[in-house]
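First comes the structure, then the notes that go with it.
Since every read-out is calculated from the coordinates, none of them should be taken as a lab result. None of these values were measured; they are calculated from a predicted model. As a convention, Cβ positions derive from the backbone with ideal geometry for all residues, glycine included, and neighbour counts pool all protein chains shown.
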Amino acid sequence: MVTATSSLPQAETKAATKSTQLTREKIRAAWIFLTPMILVLLAVAAWPLIRTIWFGFTDARLSVPGSGEWIGFENYLYWLDYGGGDGEWIGILADPTWWRAVYNTVYFTVIAVSIETVLGLIVALVLNAQFAGRGFVRAAILVPWAIPTIVSAKMWDWMLNDQFGILNDLFMMVGLISAPIAWTSSPDTAMWAVIMVDVWKTTPFMALLILAGMQMLPGDIYEAAKVDGVHPVKVFFKVTLPLIKPAIMVAVIFRMLDSLRIFDLIYVLTPNNVQTVTMSVYARQHLFDFDNFAYGSAASTLLFLIIAGTTILYIYAGRVNLSGDK
Amino acid sequence: MRLRSQTRSLAQTSVLAMVVASFVTGTAASAADLSIVSGAVGRDIEELRKHLDMFEAETGHTVSIVTMPASTTDQFGQYRLWLSAENPDIDVYRVDVIWAPQLANHFVDLTEAAADVVGDHFPAIIESQTVDGRLVALPMFTDAPALYYRTDLLEKHGATPPATWVELTETAQAIMDAERADGNDGIFGFVWQGAAYEGLTCNALEWIKSNGGGQIVEPDGEISVNNENAAEMLDLAATWVGTISPPGVLGYREEEARGVWQLGNAVFMRNWPYAYALSNSDDSAVQGLFGVVPLPTGPSGEQNAATLGGWNLAVSEYSQDKEAAIEMVKFLASAEIQKDRAIETTRLPTIVSLYEDADVLGAQPVIGEWLPIFQEAVPRPSAPTKANYNQVSQEFWTAAHNTLSGNGSGAENLATLERNLMRIRRSGW
């Protein structure tokens with residue numbers, strides 16, 4: 001670029017030096033502005049993460065201050081020798097409760113996020129249409145998302161109560177059930193109660209992200225489809241859905257990350273039930289309730305790896321699909 | 001509105017207290033600003049505030065209460081976290097009888113400070129709070145559950161309080177059926193604590209122990225829980241869920257059970273002494289209509305069992321004013337306050353002489369009846385399992401909860417439990 005305009009070499013060189021200097025100054029300023037944020041991120045994100053991973057390789061206990069000897073992978077997997085060829089594998093990777101927690105978490109994530117995506121899409125379609133009072137409805141639908149999870153969980157806990165709960169009362173009044181159901185304590189319904197509350201809470205978030213995607217769509221495509229007389233259902237599947245797919249993908253990844261580490265809802269609704277123990281609940285239990293800080297740290301590390309792995313896999317798979325469509 | 005005015009008056013009081021404190025500091029012993037953390041069921045906090053107000057008036061110190069959720073399992077996690085972080089904000093902790101061995105390192109040794117009063121308490125309770133020769137907490141009140149029953153309903157249907165769990169099952173079923181036939185739709189036979197938490201460990205330990213099934217881990221460290229008597233009782237208890245007990249009992253803690261009972265919707269309830277005074281209060285549907293007997297015995301057992309509970313007060317090693325904190329602990333554990341607690345809220349005193357006190361027995365005769373129940377109470381295996389107790393308890397309540405919710409038989413779940421406990425124990429507790 002510089003060589004192309006060589007008619008005024010001297011002026012050009014001057015300009016070039018000036019621009020490089022400017023660029024350099026800009027970069028320097030950028031670094032000055034970025035440094036505090038990087039430092040904060042290192043302090044609140046990177047450092048705790050590194051500490052947690054490190055604790056996972058030690059025998060640290062909260063009841064013994066200053067403890068924490070390096071023991072390698074013993075928290076993860078360890079052959080406990082009873083002597084005479086007898087023994088068994090212990091550690092997180094050999095703990096059925098951990099795998100139960102992994103299964104619960106994945107089960108919860110897949111079901112809850114799927115339902116939320118479909119419902120969120122429907123709500124977004126409705127909110128995208130022109131109707132009187134749309135602004136009010138858009139604001140109103142955000143209410144569940146605005147309530148702190150711990151508050152809405154406790155609220156639902158009371159509504160789901162088998163003796164005093166309004167839900168049982170309503171269902172019995174309309175004749176859907178004949179006897180009150182103990183939603184949160186019965187093993188058959190506990191997980192579904194949690195899923196239902198999560199769907200109630202996070203569908204607005206899904207709807208909002210998808211709605212934002214919809215509002216970016218160009219109007220002329222729809223006009224063309226209308227002129228050609230294409231059926232609205234076909235328009236939705238052939239035009240709207242492919243165009244808002246990136247928005248949906250982003251919304252899903254947000255929700256997925258969130259639900260893989262779900263803790264608060266379960267801690268309030270169904271604490272300690274094996275049917276609903278998730279990876280976070282398991283890690284917390286070992287970190288604080290049991291005297292197993294190192295073991296809990298190892299579980300947290302695995303949780304981190306599983307979430308990171310899922311995200312990478314999802315982004316990778318998502319891209320492949322996108323290019324496959326074209 | 002009310003909350004705001006309370007906050008304001010609280011703010012005013014504390015400002016006033018600070019002003020007063022700044023005047024007093026020169027002359028009297030310095031007034032401290034203390035805080036106590038406590039979980040609560042029933043009227044615990046209201047009552048604690050009353051006693052702290054008395055303490056404040058007497059000493060000039062100010063004390064604020066940090067409240068906690070009712071579930072002991074939740075409280076413990078938070079306390080461990082605070083203590084490990086050497087939190088100086090909390091001076092006094094109200095701790096469960098089973099926590100002493102697990103948190104001992106973080107508490108002040110009270111042996112010397114309490115030397116003048118330890119002799120008044122039951123030696124067994126003092127011993128339970130002594131770890132490696134250090135007295136880590138002073139007892140506030142002790143606890144042992146009993147069977148609450150409806151005198152009116154038993155009389156109406158010609159039944160007597162049950163002596164065995166089988167009798168209880170039959171009586172509860174019969175009365176419940178008869179009452180429901182009469183149109184009393186909401187009534188259940190028996191409510192207890194079936195949620196997956198420490199309370200279920202207490203309930204299930206009573207079933208097993210009362211059926212000759214041992215106490216999970218014996219004092220010498222032996223894992224005894226996997227036996228026929230224990231399995232038999234777990235299977236019997238599993239038949240209650242959905243029949244004489246509401247299906248939701250699998251999510252009930254103390255207060256949920258009391259809620260059903262106090263509305264008049266249960267024939268029997270297993271609960272701690274605190275529920276006695278509350279059930280007799282003016283807004284209770286069962287006021288004057290109930291009695292208390294020791295918990296029943298199992299079909300293959302000889303002796304009934306009640307789990308030993310109780311709450312104690314410990315001073316944090318990280319408190320900035322240990323002397324004032326110890327003063328507060330001694331005040332709250334004193335005979336005078338324990339007596340008031342017994343009369344107002346039927347909390348069992350830990351001071352021997354109070355069981356012969358005319359005022360206590362006159363106001364709450366049931367305290368005297370409770371003495372033998374608590375004296376024979378069975379401790380949870382927190383002493384032999386030491387730092388592993390919480391994990392042992394969690395494994396135990398999971399096995400019980402699984403059996404109750406129809407997830408495998410008692411025998412199957414106890415076999416799994418035994419294997420898991422052996423893993424936790426490894427070479428030694």
Packing-based ranking, highest mean first, of A:92-98, B:337-343 given that Cβ atoms within 10 Å are counted: B:337-343, A:92-98
About the Cα centre, charge dipole magnitude for the range B:288-429 (Lys/Arg +1, Asp/Glu -1 at Cβ), debye: 780 debye
Long-range Cα-Cα pairs in the protein assembly as shown (distance over 52 Å), rounded percent: 24 percent
Cα pair count fraction exceeding 24 Å, expressed as % - the range A:30-188: 70 percent
Percentage relative contact order, chain A, counting C-alpha pairs under 8 Å, at least six apart: 24 percent
Inverse mean reciprocal Cα-Cα distance (Kirkwood Rh) of the range B:252-400, Å: 18.0 Å
Gain on full stretching of the segment that runs from A:PHE164 to A:ARG100 - 0.36 nm per residue minus C-alpha separation: 19.9 nm
Highest-first arrangement of A:207-220, B:409-422, where packing means the average Cβ count within 10 Å: B:409-422, A:207-220
Cα Rg, Dmax (largest Cα-Cα span) when computed across the range A:74-140, Å: 24.6, 80
Per residue Cα convex hull volume in Å³ - calculated over the range A:95-318: 158 Å³
Placed amide H near B:VAL95: partners under 5 Å, 5+ positions off or other chain: B:ASN312, B:LEU313, B:ALA314
Residues whose placed amide H lies under 5 Å from that of A:LEU80, excluding near-sequence neighbours: A:GLU88, A:TRP89, A:ILE90
DSSP bridge orientation in the range B:147-293 - percent antiparallel, rounded to nearest 5: 65 percent
Chain B - convex hull of alpha carbons, volume per residue in Å³: 151 Å³
Distance in nm between pseudo-label sites at B:MET422 and A:VAL137 (7 Å out along the Cβ direction from Cα): 6.4 nm
Over the range B:106-228 - Rg/Rh using Cα atoms and the Kirkwood inverse-distance radius: 1.13
Selection from B:SER30, A:VAL118, B:PRO69 lying farthest towards where the dipole of the protein assembly as shown points positive, charges on Cβ: A:VAL118
Charged-residue dipole, Cβ positions (Lys, Arg, Asp, Glu), the protein assembly as shown about Cα centre, Debye nearest 20: 4520 debye
³J(HN,Hα) computed for each position of the range A:284-295 - Karplus, 6.51 cos²θ - 1.76 cosθ + 1.60, integer Hz, glycine/proline x: 4, 4, 6, 5, 10, 5, 9, 8, 9, 4, 5, 4
From phi via Karplus (6.51, -1.76, 1.60), per-residue ³J(HN,Hα) for the range B:90-103 in Hz, x at Gly/Pro: 9, 9, 10, 10, 8, 10, 5, 4, 8, 8, 3, x, 7, 10
Over the range B:336-429, relative contact order from alpha-carbon pairs under 8 Å, at least 6 apart, %: 18 percent
The range B:314-355-the range A:180-212 distance, computed between alpha-carbon centres (Å): 45 Å
In order through the range B:177-193: 3J(HN,Hα) via Karplus (6.51 cos²θ - 1.76 cosθ + 1.60), integer Hz, x for Gly, Pro: 4, 5, 5, 5, 5, 7, x, 8, 5, x, 7, 10, x, 8, 10, 8, 10
A:VAL126 versus B:ARG49: modelled label distance in nm, points set 7 Å from Cα along the beta carbon direction: 4.4 nm
Other-chain or far-sequence residues with amide H under 5 Å of B:PHE190's (modelled H): B:SER245, B:VAL267, B:PHE268
Set of the range B:318-338 residues, backbone N closer than 18 Å to the point 7 Å along the Cα-Cβ line of B:ALA115: B:323, B:326-327, B:330
Reachable aspartates and glutamates from B:LYS386, criterion Cα separation under 13 angstrom, eight or more residues apart if same chain: A:ASP291, B:ASP132, B:GLU218, B:ASP220
Percent antiparallel among DSSP beta bridges (both partners in the protein assembly as shown, rounded to 5): 70 percent
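Any idea what the relative contact order of chain B is, in percent, if you count C-alpha pairs under 8 Å spaced at least 6 apart?
Normalised by residue count, the contact order of chain B is 23 percent.
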Over the range B:147-293: Kirkwood hydrodynamic radius from C-alpha pairwise inverse distances, Å: 15.8 Å
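From the helices alone, meaning DSSP H stretches of at least four residues, give me the mean residue ellipticity at 222 nm for chain B, per-run term -39500 (n - 2.57), in deg cm²/dmol to the nearest 500.
-14000 deg cm²/dmol
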Inter-label distance, nm, simple model (7 Å from Cα along the C-beta direction), A:MET155/A:ASP188: 2.9 nm
FRET efficiency estimate (nearest 0.05) - Cβ-Cβ, B:ALA85 to A:PHE33, R0 41 angstrom: 0.75
